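Asks: This is the structure I have questions about; it appears just below.
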Amino acid sequence: MAQKEDATAATAAAEPAASQNGEDLENLDDPEKLKELIELPPFEIVTGERLPVNFFKFQFRNVEYSSGRNKTFLCYVVEAQGKGGQVQATRGYLEDEHAAAHAEEAFFNTVLPACDPALRYTVTWYVSSSPCATCADRIARTLGQTKNLRLLILAGRLLQWEEPDVRAALRRLAEAGCRLRVMKPQDFEYVWQHFVEQEEGEAKAFEPWEDVQENFLYYEEKLADILK
C-alpha cells in the first residue's frame with residue numbers, strides 16, 4: 001500500500017511539469033521516464049532570430065478575444081549609438097508561456113545586461129500582446145533607472161485592457177517615457193519580413209488577415225482612451 005501511495009504522489013507531482021512542457025503523459029509507469037518528467041523545469045524562455053510561420057499567424061493575430069493565446073512573443077531591435085554616432089543593431093525574439101517570468105522580464109534579464117552603459121540604446125519591441133500590469137511596472141522602473149535607454153513598444157493586441165490595474169500600469173509606463181503603439185498592418189508585415197522563418201529561395205509575401213485593419217483601429221481607440 002505504501003509503495004502505491006508513493007507512486008501516486010510522484011505521478012501527481014510529475015503531471016504539472018509534464019503538461020507545462022508539452023510532454024506526453026503516457027508511460028508514466030516507466031521509472032526512468034517518470035524521473036525525467038519530474039526533473040523537467042516547469043518553464044523555459046525560448047530565444048531565436050526567427051519564429052515559425054504558424055506561431056506568427058496565430059499568436060500575432062490582432063483578434064479581439066485571444067482565447068488559447070497564452071504566450072507572449074517579443075521581437076526586438078536594439079540599436080546602440082556610440083559617441084561617434086555609429087549605430088549597431090541587433091535583433092531577435094523571445095517567447096514565454098505565461099508560467100513564470102514573462103518575455104518582457106526575460107529581455108531585461110538576458111539581453112539588457114549585455115548593453116554597455118557608455119552607449120545610448122533605442123529599443124523597439126513588437127509584441128503579440130501588451131504587457132501585463134506586473135511587467136509594465138517592471139519596465140517603468142527599468143526606464144527610470146536606465147537613462148541611456150529609450151523604448152518603443154508596438155503591441156498586436158491589448159492584454160486585459162478592461163482591468164483597472166492594467167490600465168493604470170500602462171499609464172505609468174507611458175509616464176516613464178515608454179512610447180506605446182498598437183501594431184498597424186505595416187508593422188505586422190515588418191515582423192513577417194524580419195522575424196518570421198522564410199522558406200529557402202524567394203521569401204513569401206505577407207498576406208494580411210481579413211480584419212487586420214479593423215482590429216488595429218479597435219485597439220488603437222482603446223489605447224488612446226487608456227492613455228488620455
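FYI, it's all coordinate maths here, none of it is from the lab. Just so it is clear, the structure is predicted and the values come from calculations on it, not from any experiment. Note: ideal-geometry Cβ built from the backbone for every residue, glycine included; neighbour counts use all protein chains shown.
Asks: With viscosity set to 1.002 mPa s and temperature to 20 °C, compute the Stokes-Einstein D of region 107-206, Rh being the Kirkwood radius across alpha carbon pairs; µm²/s, no decimals.
Replies: Details: Rh = 15.0 Å.
Stokes-Einstein gives a translational diffusion coefficient of 143 µm²/s.
Asks: With only Lys, Arg, Asp and Glu charged, each at its Cβ (+1 for the first two, -1 for the last two), find how big the charge dipole of region 120-203 is about the Cα centre; round to the nearest 20 debye. Mind showing how you got there, number by number?
Replies: Numbers: 12 positive and 11 negative charges, 164 e Å.
Around 780 debye, computed over region 120-203.
Asks: I'd like the Karplus ³J(HN,Hα) series for region 213-219: coefficients 6.51, -1.76, 1.60, θ = phi - 60°, whole numbers in Hz, and an x wherever there's a Gly or Pro.
Replies: Once rounded to whole Hz, the list reads 5, 4, 5, 4, 5, 4, 6.
Asks: Under 5 Å between amide hydrogens, which residues at least 5 positions from Leu151 or on another chain qualify, with H placed 1.01 Å from N in the peptide plane?
Replies: Close amide H contacts, sequence-distant or interchain: Val123, Arg179.
Asks: Just to check I understand the Karplus step: with θ = phi - 60° and J = 6.51 cos²θ - 1.76 cosθ + 1.60, what whole-Hz values come out for region 103-114, glycine and proline as x?
Replies: 4, 4, 5, 4, 4, 5, 7, 10, 9, 4, x, 7
Asks: Just round it to a whole percent: the fraction of Cα-Cα distances in region 167-228 exceeding 19 Å.
Replies: Numbers: 887 of 1891 pairs.
Of the Cα pairs, 47 percent sit more than 19 Å apart.
Asks: Check which residues have an amide H placed less than 5 Å from Val182's amide H, if you skip close sequence neighbours.
Replies: Amide H neighbours of Val182, under 5 Å, 5+ apart: Ala155.
Asks: What is the pair-distance distribution P(r) of region 83-165, computed from all Cα-Cα distances in 10 Å bins starting at 0, with each bin given as a whole percent?
Replies: Percent of pairs per bin, in order: 14, 50, 28, 7, 1.
Asks: Output ³J(HN,Hα) for region 137-148: one whole-Hz value per residue in order, computed from phi by the Karplus curve 6.51 cos²θ - 1.76 cosθ + 1.60 with θ = phi - 60°, and x for Gly and Pro.
Replies: With the stated coefficients, region 137-148 comes to 5, 5, 5, 4, 5, 5, 5, x, 8, 10, 6, 8 Hz.
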